[in-house]
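Some notes on the structure that comes next.
The values are calculated or read from the model by the stated rules, or taken from the named source; none is laboratory data. For clarity, every value in this text was computed on a predicted model and none was experimentally measured. Cβ placement follows ideal geometry from the backbone for every residue including glycine, while neighbour counts extend to all protein chains displayed.
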Amino acid sequence: MKKHPEYSREHLLYLRKLKRNGALVHAARIAVLFAFLLLWELSARFEWINPFITSSPSRVWDTLVSLYRNGTLFYHVGTTLWETLLGFFIAVVLGYAIALLLWWSEILRKISEPYLVVLNALPKIALGPLIIIWCGTGSEPIVFMTILIGLIVAILNMLNGFMATDENKILLLRSMGANKRQLLTKLVIPSSLPAFISMLKINVGMAWIGSVMGEYMVSKAGIGYLIVYGGQVFKLDLVMTAVFILCVLAAGMYAIVALVEKAVIKNSGR
């Protein structure tokens with residue numbers, strides 16, 4: 001074991017155990033994934049399951065290669081990715097700003113609280129026909145649906161994060177003469193960083209739900225369009241391939257948020 005002057009032997013052993021456990025978890029995740037794919041492939045090959053309905057990893061791969069060769073893979077992926085990222089970004093920024101405004105004004109917070117609860121509980125798909133009439137039939141209704149689904153989640157999560165600030169620390173700063181703006185910038189915003197990261201993680205899923213839901217309603221391109229089209233013409237290999245692409249994209253977006261979380265934790269620990 002490599003000696004380090006800043007740490008005791010027991011602490012080094014503890015750090016080594018943490019790394020070993022982390023490596024074990026990653027290896028187990030990969031093993032579970034490969035075991036699932038192998039079982040799926042064998043079940044389809046030996047027709048333990050109906051391959052026409054469930055497809056198989058090899059058929060998904062063949063469909064993926066076919067989409068790449070005919071030049072439509074990156075077109076559909078790019079369309080959905082752009083709609084999702086734009087809706088995600090707007091929902092996060094707008095939700096954060098509105099949550100700050102509601103924290104700042106207690107009266108406005110009390111007035112808006114029941115409406116936020118109702119909007120959060122409302123099935124957004126019910127507004128689909130109205131959104132199409134309002135926004136047209138291009139990418140605008142899809143982005144709007146993505147914003148609509150993520151916005152309320154962002155507001156509620158960030159508002160809860162702001163309101164969860166330690167009251168004792170607030171009283172301490174007030175006793176030292178801090179005004180409301182100083183409380184916000186010096187205490188409330190920094191202490192709400194965990195809530196912000198949690199909101200980002202939740203909104204990753206909400207953004208993909210919104211964009212695909214919007215593409216279900218109205219689209220001529222995108223991953224949601226492939227799913228709808230594949231289901232209509234019974235090309236279930238195409239449907240499973242589109243779902244696989246969605247899983248990869250969502251996992252990649254979540255991984256980026258996880259990297260942001262690690263960076264925030266590292267910087268806050270300094």
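Values computed for the structure shown
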read-out: Residue, surrounded by the most Cβ atoms within 10 Å (Cβ to Cβ), within segment 91-130, restricted to residues that are within 16 Å of A207 (Cβ to Cβ) and touching a residue at least 60 places away in the same chain (Cβ under 8 Å); value: A91
read-out: Any chance V153 is in the same structural domain as V77 (by TED's automatic domain parsing) and under 19 Å from the mean Cα position of the chain (by Cα); value: yes
read-out: Segment 197-232, residues that are buried (at least 24 other Cβ atoms within 10 Å of the Cβ) and touching an Asp or Glu at 6+ places or on another chain (Cβ under 6 Å); value: S211, G222, G224
read-out: Matching entry among V260, V248 (being loosely packed, with under 15 Cβ neighbours inside 10 Å, assigned by TED's automatic domain parsing to the domain that holds H76 and at pLDDT below 85); value: V260
read-out: Residue check, S58 more than 16 Å from the chain's Cα centre (by Cα), surrounded by fewer than 17 Cβ atoms within 10 Å (Cβ to Cβ) and within 30 Å of A44 (Cβ to Cβ); value: yes
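Per-residue answers, yes or no, for (1) in contact with a Pro (Cβ under 8 Å, 6 or more places away or on another chain); (2) closer than 15 Å to L226 by Cα; (3) hydrophobic (A, V, I, L, M, F, W, C):
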position: L33; (1), (2), (3): no, no, yes
position: F36; (1), (2), (3): no, no, yes
position: Y68; (1), (2), (3): no, yes, no
position: V77; (1), (2), (3): no, yes, yes
